[in-house]
């Protein structure tokens with residue numbers, strides 16, 4: 001006797017353009033989901049979420065009566081439902097997408113290409129993978145003024161794999177961070193926790209739509225309170241600098257101390273930029289000075305490179321899978337044996353502070 005299959009997830013589509021709404025509904029159905037409804041503004045979306053209880057909301061950032069921030073806040077104030085934003089890059093408001101992520105949206109996708117575009121098949125694969133990954137993600141309702149946790153009673157699990165520091169306490173460490181879905185806020189919070197002068201260099205690989213990379217760089221610097229730059233090919237980093245992989249490129253640190261930012265690699269990788277490429281380069285260039293962190297995300301990018309870095313003498317930390325928005329990247333690193341420590345996000349921030357040179 002076969003087990004009954006779960007019914008397809010139900011998706012609410014929100015966009016003020018009837019043409020785009022229809023195309024998004026078609027993409028949703030082609031991906032194997034059911035369209036729970038279609039709305040053209042925030043107010044209608046809020047009503048449909050209440051009446052139809054979708055499993056996921058797919059919404060444009062720009063709507064006639066509000067934006068992605070307003071939609072996310074109003075929906076999550078009453079309903080625990082995953083929200084994915086879909087938009088074109090807006091040069092007039094580059095931080096809007098990331099402020100919506102701060103409000104509780106899970107991810108952002110680029111607007112779909114035209115139906116006749118040769119880019120559509122690749123877009124459909126990414127679209128389907130993202131929706132399937134985020135449907136069912138545990139969400140917490142966000143009331144406008146949540147109660148603060150009781151002082152003196154933090155809910156923090158002990159480190160699952162405590163480890164003695166591998167780094168020389170007298171040498172500022174090189175920090176490498178990799179993240180995908182659910183990562184921007186965590187990356188920003190970790191950078192905010194870093195003491196000034198306590199690290200030699202920070203290099204970040206964040207899987208993100210290339211059109212949003214510069215907006216992410218600007219928002220990240222504002223959120224963390226520290227300047228963030230794109231790595232430049234052949235240039236040496238500034239001591240204490242924070243660097244991102246540039247759009248459409250990988251980022252590696254060469255043995256001579258300069259960046260390499262190739263658009264392609266000699267070995268196949270699953271993402272551009274690739275966490276595996278960054279971690280592997282550090283395993284070759286400066287392993288015993290590197291503190292590497294693998295955060296939330298889809299897939300297995302970073303697991304192999306992190307394992308090489310650990311074997312070469314680096315200190316590796318992986319976010320605990322149960323706290324990740326998407327547990328693919330953390331879980332694959334743990335299964336690969338690449339995690340020296342497995343910690344919750346708040347523990348990672350505290351661990352960073354303890355390992356930084358003061």
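Any read-out appearing in this document is the output of simple, stated calculations on the displayed coordinates, not a laboratory observation. Everything numeric in this text was worked out from a predicted model, so none of it was measured. We place every Cβ from the backbone using ideal geometry, glycine too, and count neighbours over all the protein chains shown.
Once the Cα atoms are used to define both axes, helix 120-134 deviates from the longest principal axis of the chain by about 80 degrees.
Would you mind putting 275-283, 9-17, 39-47 in packing order, based on average other-beta-carbon counts within 10 Å, highest first?
Values: 275-283: 26.7, 9-17: 21.9, 39-47: 19.1.
Answer by packing, highest mean first, reads 275-283, 9-17, 39-47.
The shape of the range 174-355 comes out rounded: with a ≥ b ≥ c from the C-alpha gyration tensor, a/c is under 1.5. Taking Cα atoms only, the orientation of helix 18-30 departs from the longest principal axis of the chain by about 70 degrees.
Here 216, 230, 199 are placed in order of increasing Cβ neighbour count within 10 Å, fewest first, which gives 230, 199, 216.
Find how much the distance from residue 50 to residue 114 grows on full extension, using 0.36 nm per residue of separation minus their present alpha carbon separation; answer in nm with one decimal.
Working: separation 64, 0.36 × 64 = 23.04 nm, distance 3.18 nm.
Going from the current span to full extension adds 19.9 nm.
Reported to the nearest whole Å, the Cα centre-to-centre distance from the range 258-306 to the range 19-62 is 36. When peptides 120-131, 48-59 are sorted by average Cβ neighbour count within 10 Å, with the highest value leading, the order is 48-59, 120-131.
Can you tell me the 0 to 90 degree angle between the C-alpha axis of helix 183-193 and the longest principal axis of the chain, rounded to 10? With rounding to tens, the tilt is 40 degrees.
Which number do you get for Rg(Cα) / (2.2 N^0.38 Å) in the chain?
Numbers: Rg = 20.7 Å, N = 358, 2.2 N^0.38 = 20.6 Å.
In units of the globular-protein estimate, the chain measures up at 1.01.
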